[in-house]
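The values are calculated or read from the model by the stated rules, or taken from the named source; none is laboratory data. Bear in mind that the values here come from a model prediction, so they are computed numbers and not experimental data. Glycine also receives a Cβ, built like all others from the backbone with ideal geometry; neighbour counts cover every protein chain displayed. With ligands, DNA and RNA removed, areas are computed over all heavy atoms of the protein, side chains included. Shrake-Rupley method; radii C 1.70, N 1.55, O 1.52, S 1.80 Å.
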Amino acid sequence: MKQITNYNLILPVGTQVVTRVEVKTSNCEVSCLRGAVGEIVRSPTDNSHTYQIQLPTGVQVNLRRHEFSIRKHYQREGLEQSHLLADYNLYDSVIYRCVVGSRAYGLENEDSDVDRRGIYLPPADLHWSLYGVPEQLENNATQECYWELQKFIVLALKANPNVLECLYTPLVETATPLAKELLELRHIFLSQLVYQTYNSYVLSQFKKMEQDLRNQGEVRSKHAMHLIRLLLSGITILEAGFVPVRVEEYRTKLLAIRNQGMSWEEVNEWRLSLHQKFDSAFANTSLPERPNYEKANAFLLRARRFMVSNEMKDG
């Protein structure tokens, strides 16, 4: 975790700070202790000049930006994870790895990346520690992202499309017995919340694209394709009770959107018709109003206990 300090930012008057240096008078008397609390009473016009800082005693000292820290940042420094996480390779804790995105949908071309997503289950001692664990591990260079198990489950319960697709993609590369158990339970995450989550996202994104069309004269055709695919997916979830990942039936039309072989008017007309089908599917779905929070919680507890028991054996 990087230290939260922006040296290009001029801090405003009233900001509380902690001094990092000791200041002495011309008589070598200490006028400001290292670690003293103060308040900025005059800010410079740029960071090449000093700040005037008033101490609780009323004494004022002039310090450059590197000679003090913002108080709330100073207090947080000891809680940073970097020194602790350096001893762990959390990628070794990945319990589920799959391929999503265009290659999973069957919409890839020669330039498509391999998008890997999944779940990691951190060591119990690290997870329970004062420092905690990151909610997700990301590596942009390799197009990988792994959610911590609890974060993954919470997102799935909220009907997050990316996470639900992880549970249903046919391209699974790694799955421990614990992950396989979760895959057997994946139906517990499907509920009528899909209707609200998918619909609201598509509506907001199409609104932005209409603004782009007015302001820039064009839209991101690939993004439009995936929004239509999302509506198609949501309809199937409500009607059939599973998340369709492959899009064979609609592949030609979807690629026509991406390749700009379909006009914006045609795309929007298709979207509106799909919203109507989505409404009908929602009115007639047999999915529960909410996902099964109890079973999801029970699985999470089993996973936590499993990790603890493993560490006790290894210890």
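In the range 84-105 there is at least one residue matching the filter, namely being at pLDDT 90 or above, of a type in the set (S, T, N, Q) and within 35 Å of the chain's Cα centre (by Cα). State whether one or more residues within the range 111-118 are buried (at least 20 other Cβ atoms within 10 Å of the Cβ) and within 17 Å of Asn292 (Cβ to Cβ). No, that holds for no residue.
Give the residue that is farthest from Glu67 (Cα to Cα), with candidates limited to residues of the range 16-32 that are in contact (Cβ under 8 Å) with a residue 12 or more places away in the chain and out of contact with any Asp or Glu (no Cβ under 6 Å at 6 or more places or on another chain).
Selected residue: Ser31.
Test Gly241 against the stated conditions and say whether it is modelled with pLDDT of 95 or more, open to solvent by less than 20 Å² (accessible area, probe 1.4 Å) and under 23 Å from Pro291 (Cα atoms). First the steps, then the outcome.
On the way: modelled with pLDDT of 95 or more: yes; open to solvent by less than 20 Å² (accessible area, probe 1.4 Å): no; under 23 Å from Pro291 (Cα atoms): yes.
Criteria not met by Gly241.
Among the residues making up the range 30-66, a single one is assigned to a helix (DSSP H, G or I) and either open to solvent by 80 Å² or more (accessible area, probe 1.4 Å) or modelled with pLDDT of 90 or more (or both): His66. Looking only at residues of the range 266-315 that are of a type in the set (Asp, Glu) and at pLDDT 95 or above, we find that the one that is least open to solvent (accessible area, probe 1.4 Å) is Asp279. Whenever a residue of the range 188-215 is farther than 17 Å from Pro244 by Cβ and free of Cβ contacts under 8 Å to residues at least 60 places away in the same chain, it has no partner that is part of a helix (DSSP H, G or I) and polar (S, T, N, Q) lying with C-beta atoms less than 8 angstrom away and at least six residues away or across chains.
What number of residues in the range 113-124 are over 22 Å from Pro177 (Cβ atoms) and either out of contact with any strand residue (DSSP E or B) (no Cβ under 9 Å at 6 or more places or on another chain) or not in a strand (DSSP E or B) (or both)? Don't jump to the end; show me each part of the working.
Of the residues in the range 113-124, the ones over 22 Å from Pro177 (Cβ atoms) are 113-115.
Now drop any that are not either out of contact with any strand residue (DSSP E or B) (no Cβ under 9 Å at 6 or more places or on another chain) or not in a strand (DSSP E or B) (or both), which leaves 113-114.
Qualifying residue count, the range 113-124: 2.
Under the condition of being of a type in the set (A, V, I, L, M, F, W, C), at pLDDT 95 or above and surrounded by fewer than 18 Cβ atoms within 10 Å (Cβ to Cβ), the residues counted in the range 179-222 number 2. Answer yes or no: is there a residue in the range 91-110 that is in a loop (DSSP other than H, G, I, E, B) and farther than 30 Å from Thr252 by Cα. For the range 91-110, residues in a loop (DSSP other than H, G, I, E, B) and farther than 30 Å from Thr252 by Cα: absent.
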